[in-house]
Amino acid sequence: MRMHIYTYIYIPTGVCIRMVRASLAVDAEIAEALSKLAEEKHMTLYSLTNQILKTSLELIRENLEIQDLKNLLTAYLILRDLDAVVLPSDFMDTVIAELYARDRELILKKFKQLGRDVAKYLKVHTESFEELLQLARTIGRFFPLKKLEARYIAGKQYELVLVGAGSRVESTQCVYEAMKGILEEYGVKILEDEVAKGLIKAKVSTEK
């Protein structure tokens, strides 16, 4: 189906001249969905289409790919459902370090429970560990991690690598505890691990 986008030129006499600016070919289903959405939003098809295209172009100019827009929405919905609060990483590192110094065991326990709680929510959307990895790859770039990688080794074993997980070793250790909580909820066993400031490496197995 072909949609026509028009531009209107007004001249001082008050006469409105309509000129065809572009012609867009879209699937019939998309055209129908646009029409229904425009009706629901009490907008004209012209106004809705222009708003969608304008917003998409602005995001793409910021080096976001089309698929990233869907991924960004997924990240937003997860953060919204978890009632997440966004705070500067330096601030969080400082707070965690102070709490860590006062009661290391307590804060590690809290972070592991946090991981379990997050996993219970994630399992509504991703039932298997493989689906969890795909979700992590999808939304990972929208979180303060320099690298998030899951490499298949053999059998049911994977190597997980997180780089940029905190700028202090205390923060990295807490992130690792949360990660362990998530993995345990998915029935994943940690075979080997390595934790250093900002770096987490773990060899895991999904074998029951």
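Assorted remarks:
- Matching residues, the range 162-204, being part of a strand (DSSP E or B), among the β-branched types (Val, Ile, Thr) and more than 21 Å from the chain's Cα centre (by Cα): Ile190, Val195, Val204
- Some residue of the range 179-195 being surrounded by 14 or more Cβ atoms within 10 Å (Cβ to Cβ) and under 19 Å from Phe91 (Cα atoms): no
- Residue check for Ile96: surrounded by 11 or more Cβ atoms within 10 Å (Cβ to Cβ), of a type in the set (A, V, I, L, M) and in contact with a helix residue (DSSP H, G or I) (Cβ under 6 Å, 6 or more places away or on another chain): yes
- Cβ-Cβ distances below 6 Å connect the following pairs, each with a first residue in the range 90-104 that is small (Gly, Ala, Ser), a second residue that is at pLDDT 95 or above, and a separation of six or more residues or different chains: Ala97/Glu170.
- Every residue from the range 166-191 that is charged (D, E, K, R) and either closer than 18 Å to Phe129 by Cα or not assigned by TED's automatic domain parsing to the domain that holds Lys110 (or both): Glu177, Lys180, Glu184, Glu185, Lys189
- Qualifying residue in the range 18-27 (condition: exposed (fewer than 10 other Cβ atoms within 10 Å of the Cβ) and at pLDDT 85 or above): no
- Being out of contact with any strand residue (DSSP E or B) (no Cβ under 7 Å at 6 or more places or on another chain), outside any strand (DSSP E or B), within 21 Å of Leu72 (Cα to Cα) and of a type outside the set (Ser, Thr, Tyr) holds for only one residue in Leu145, Leu135, Leu114, and it is Leu135.
- For Lys146, the criteria (1) touching a Leu at 6+ places or on another chain (Cβ under 6 Å); (2) closer than 17 Å to Leu199 by Cα hold in every case but one, which is (1).
- Qualifying positions in the range 97-141 - out of contact with any Leu (no Cβ under 6 Å at 6 or more places or on another chain) and β-branched (Val, Ile, Thr): Val118, Val124, Thr138, Ile139
- Selection from the range 48-74 of residues that are among the acidic types (Asp, Glu) and either loosely packed, with under 14 Cβ neighbours inside 10 Å or closer than 17 Å to Leu34 by Cα (or both): Glu58, Glu62, Glu65
The values are calculated or read from the model by the stated rules, or taken from the named source; none is laboratory data. This is a predicted model, so every value here is computed, not measured. Don't worry about glycine lacking a Cβ; one is built from the backbone with ideal geometry, like all the others, and counts go over all protein chains shown.
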